[in-house]
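S.K.: I'd like to ask you about the structure that follows.
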Amino acid sequence: MKEVKIDLNESLKEYFGFSSFKGLQKQAIESIIEGNNTFVVMPTGGGKSLIYQLPALVKEGTAIVVSPLIALMKNQVDAMRGISTEHGVAHVLNSSLNKTEVNKVLSDIENGVTKLLYVAPESLTKEEYVDFLKKQKISFIAIDEAHCISEWGHDFRPEYRNLRNIIKQIGDLPIIGLTATATEKVQEDILKNLGISDARTFKASFNRPNLFYEVRPKTNDVEKDIIRFVRNYKGKSGVIYCLSRKKVEDIAQVLQVNGIKSIPYHAGLDAKTRAKHQDMFLMEDVDVVVATIAFGMGIDKPDVRFVIHHDIPKSLESYYQETGRAGRDGGEGYCLAYYAYKDIEKLEKFLAGKPVAEQEIGNALLQEVVAYAETSMSRRKFLLHYFGEEFDEVNGEGADMDDNVRNPKKKIEAKNDVKLLLEVVKKTNQEYKSKEIVNTLIGKENALLTSHNTHKQEFFGAGKDKSDKHWMALIRQVLVADLLFKEIEQYGVLKINEKGLEFIENPVSFLMTEDHVYEEGDDNNIITSNKGGGATDEALMAMLKDLRKKVGKQKGVPPYAV
Ligand code: ADP
Ligand code: MG
């Protein structure tokens with residue numbers, strides 16, 4: 001391939017106004033300019049866009065960029081036009097264009113003016129466009145947010161699966177995959193599905209040393225706890241993620257009532273309201289956005305000082321992405337997640353209606369979330385390990401920035417309890433779910449076990465010196481340790497593993513971790529919406545009612561819709 005030698009630093013300065021490359025940008029750009037299939041894995045904010053934008057500007061022809069969101073494309077195209085009008089045009093091709101606009105886009109490509117063509121995967125699949133693009137000079141094709149190709153990613157889009165086929169039809173082009181998802185499984189899927197196992201790979205560290213990670217047990221006082229927390233950040237920006245739209249509305253109201261400037265954001269609000277709320281947050285008319293996961297992709301407020309998860313998300317990847325919106329300027333970023341196992345069960349129930357394969361993936365991802373929430377090790381080490389990265393928990397950057405390191409959890413020897421638990425599961429024929437096993441252990445009346453099982457006598461109340469909470473926590477830790485597993489086909493029934501059988505024969509030390517203990521703190525002037533708990537305020541309830549009326553019943557909205 002004939003390429004004029006280009007001074008990349010000069011191009012960087014000229015087109016983008018930056019004086020130096022970030023991380024592995026330069027190497028990745030060189031790989032693309034040389035015409036290699038290239039795979040880039042960098043955290044959000046790492047500067048991935050520039051990695052395909054710069055080569056697109058300096059190479060002959062048009063680069064095609066596949067991107068999943070119209071809003072993301074718009075942003076990028078506007079930015080490109082701002083910096084490079086005289087060097088060529090960036091265009092979007094998607095369903096939002098009318099006929100005249102489409103024709104303008106196509107003629108600009110034909111005339112060689114367009115350096116970057118952003119397309120949604122659905123548009124690229126259209127036969128007329130494929131036929132057209134076949135005949136054009138295309139420099140390369142970049143797949144942004146490439147994790148959308150994998151069912152193991154947090155944003156699976158079936159249309160992404162078709163890309164390889166389409167690309168082949170358009171021509172024999174270098175393919176560039178870019179993602180902020182670092183799990184091995186997703187990376188494998190991307191390379192395989194795009195057919196680029198030979199790609200040169202550029203992978204940056206996912207460590208965010210300025211983020212502090214903490215997980216607190218979620219109790220009925222979670223609202224109070226959040227209010228106390230947010231009050232310490234007066235006038236600073238933060239995001240609170242909730243699973244359901246209703247919870248978003250509730251928490252936003254509760255914060256308002258307690259004097260914290262906040263607004264809700266979720267996909268149940270119309271586009272105008274969403275845009276307005278997003279602007280209010282960016283312009284700092286409000287401090288806190290309470291949101292579902294609908295709030296995120298493409299949000300770039302550098303000084304978000306905290307991200308709270310009122311509900312634990314469905315995967316560690318989502319967690320990493322969402323917490324990653326804190327501290328993008330390198331300043332403080334406090335990531336606080338509330339965790340209750342019953343939230344995990346809610347997510348499991350949500351999965352239960354899905355095809356078995358999807359359930360299996362979903363449950364495996366959830367187990368990782370449970371393990372993260374309950375771990376006693378460095379949370380940073382745990383997260384980075386999940387992303388396939390080793391972290392030195394003593395000398396690594398940000399090593400002391402989490403609750404487990406600052407305030408180590410207590411561990412207790414639970415060898416005998418584990419043995420007892422495994423025996424109960426085994427001798428009751430591996431037919432019961434956690435709750436039934438726990439009820440037997442603590443000697444709580446339980447129809448299933450009392451009526452059918454001869455081993456009931458032997459085990460009924462055998463663990464009553466400990467609480468049901470203790471046994472539930474132990475079951476989860478034993479699941480994480482792979483001594484037990486949950487049968488998905490029989491929704492949640494506990495089964496024993498080889499390792500578990502071995503443990504019964506030869507029990508070894510099993511250190512169980514206990515939750516941190518938190519100080520209650522000062523409840524002065526906190527109003528919550530909890531029934532019975534705290535200072536329930538009639539005025540608040542009336543406000544909530546009013547608000548719901550305004551928002552409407554939201555018919556047909558599934559409980560966890562964004
Ligand atoms: P990603 O897609 O990896 O999340 P972006 O491409 O959106 O990241 O870039 C994040 C920010 O970093 C943008 O504001 C971008 O302008 C900026 N940026 C990218 N490269 C550089 C650079 N070499 N020097 C300074 N800023 C950069
Ligand atoms: Mg990006």
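S.K.: Taking a 25 Å limit on the Cα-Cα distance, which of the listed pairs LYS314/LYS410; LYS247/LYS272; LYS22/LYS301; LYS314/LYS466 fall beyond it? Let's see the in-between values first.
M.R.: Details: LYS314/LYS410 27 Å; LYS247/LYS272 21 Å; LYS22/LYS301 19 Å; LYS314/LYS466 30 Å.
LYS314/LYS410; LYS314/LYS466, as the Cα separations exceed 25 Å there.
S.K.: Rounded, prolate or oblate: pick one for the stretch 161-203, where a ≥ b ≥ c are the square roots of the eigenvalues of its C-alpha gyration tensor, a/c under 1.5 means rounded, and failing that, prolate if a/b is larger than b/c, else oblate.
M.R.: Verdict is prolate for the stretch 161-203.
S.K.: In Å and whole numbers, how far do the C-alpha atoms of the chain stretch along each principal axis, longest first?
M.R.: 83, 58, 49
S.K.: What list of ³J(HN,Hα) values in whole Hz, one per residue of the stretch 369-382 in order, does the Karplus curve 6.51 cos²θ - 1.76 cosθ + 1.60 (θ = phi - 60°) give from phi, with Gly and Pro shown as x?
M.R.: 5, 4, 4, 5, 5, 9, 5, 10, 7, 3, 5, 5, 4, 4
S.K.: Here is a follow-up. Name the residue from SER107, THR273, ILE308 whose Cα lies farthest towards the positive end of the charge dipole of the chain, charges +1 on Cβ of Lys and Arg and -1 on Cβ of Asp and Glu.
M.R.: Farthest along the dipole direction, towards plus: THR273.
S.K.: Amide H of GLY492 versus every other amide H placed in the peptide plane: which residues, excluding those fewer than 5 positions away on the same chain, fall under 5 Å?
M.R.: GLU487
S.K.: Tell me which residues come under 5 Å, amide H to amide H, from PHE212 once H is placed; ignore anything under 5 positions away on its chain.
M.R.: Result for PHE212 returns GLY333, TYR334, CYS335.
S.K.: Kindly express, to the nearest 10 degrees and within the range 0 to 90, the angle between helix 468-480's C-alpha long axis and the longest C-alpha principal axis of the chain.
M.R.: Between the helix axis and the principal axis of the chain, the angle is about 40 degrees.
S.K.: Here's something else I'd like to know. Once you charge only the Cβ atoms, +1 for Lys and Arg and -1 for Asp and Glu, what is the size of the charge dipole of the stretch 236-336 about its Cα centre, to the nearest 20 debye? The partial results should precede the final answer.
M.R.: On the way: 13 positive and 14 negative charges, 47 e Å.
Computed charge dipole of the stretch 236-336: roughly 220 debye.
S.K.: On to the next question. Tell me, what does the Kirkwood hydrodynamic radius of the stretch 79-191 come to in angstroms if you use every pair of distinct C-alpha atoms?
M.R.: Details: mean 1/r = 0.0660 Å⁻¹.
Its Kirkwood hydrodynamic radius stands at 15.2 Å.
S.K.: Do you know the relative contact order of the stretch 217-335, to the nearest whole percent, from alpha carbon pairs under 8 angstrom that are 6+ apart?
M.R.: Details: 187 pairs, mean separation 34.9, N = 119.
The normalised contact order for the stretch 217-335 reaches 29 percent.
S.K.: Just to check, using Stokes-Einstein with a Kirkwood Rh over alpha carbon pairs, what's the diffusion coefficient of the stretch 97-150 at 4 °C and 1.567 mPa s in µm²/s? Don't jump to the answer; show the numbers that get you there.
M.R.: Numbers: Rh = 12.3 Å.
Roughly 105 µm²/s, to the nearest whole number.
S.K.: Please determine, in degrees from 0 to 90 and to the nearest 10, the orientation of helix 341-352 with respect to the longest principal axis defined by the Cα atoms of the chain, where the helix direction is its Cα long axis.
M.R.: 60
S.K.: Please sort 431-444, 162-175 by packing, taking for each peptide the average over its residues of neighbouring beta carbons within 10 angstrom, highest first. List each step's numbers first, then the result.
M.R.: On the way: 431-444: 19.9, 162-175: 16.7.
Listed from highest to lowest mean packing, they are 431-444, 162-175.
S.K.: What is the dipole size for the chain, taken about its Cα centre, with +1 at each Lys and Arg Cβ and -1 at each Asp and Glu Cβ, in debye to the nearest 20? Provide the component values of the computation, followed by the final result.
M.R.: Details: 77 positive and 83 negative charges, 231 e Å.
The dipole magnitude comes to about 1100 debye.
S.K.: Can you divide the C-alpha Rg of the stretch 208-354 by 2.2 N^0.38 Å and report the result to two decimal places?
M.R.: Values: Rg = 14.4 Å, N = 147, 2.2 N^0.38 = 14.7 Å.
Dividing the Cα radius of gyration by 2.2 N^0.38 Å gives 0.98.
S.K.: Stokes-Einstein diffusion coefficient for the stretch 354-479 at 37 °C in a medium of 0.692 mPa s, Rh from the Kirkwood formula over Cα pairs: what value in µm²/s? Can you show the working numbers first?
M.R.: Numbers: Rh = 17.0 Å.
After rounding, the answer is 193 µm²/s.
S.K.: Additional query: Name the long-range amide H neighbours of THR201: under 5 Å, sequence gap of 5 or more, or other chain; modelled H, no Pro or chain starts.
M.R.: Under 5 Å from the amide H of THR201 lie the amide H atoms of PHE39, each far enough along the sequence or on another chain.
S.K.: Would you please put 15-21, 402-408 in order of how densely packed they are, using the mean number of other Cβ atoms within 10 angstrom per residue and starting with the highest?
M.R.: Details: 15-21: 13.0, 402-408: 16.1.
Per-residue mean Cβ counts within 10 Å order the peptides as 402-408, 15-21.
Each value in this text was obtained by applying a stated rule to the coordinates, not by laboratory testing. Treat the numbers as computed from the prediction; the structure is a model and nothing was measured. Because the Cβ atoms are built from the backbone with ideal geometry, glycine has one as well, and the counts that use them run over all protein chains shown.
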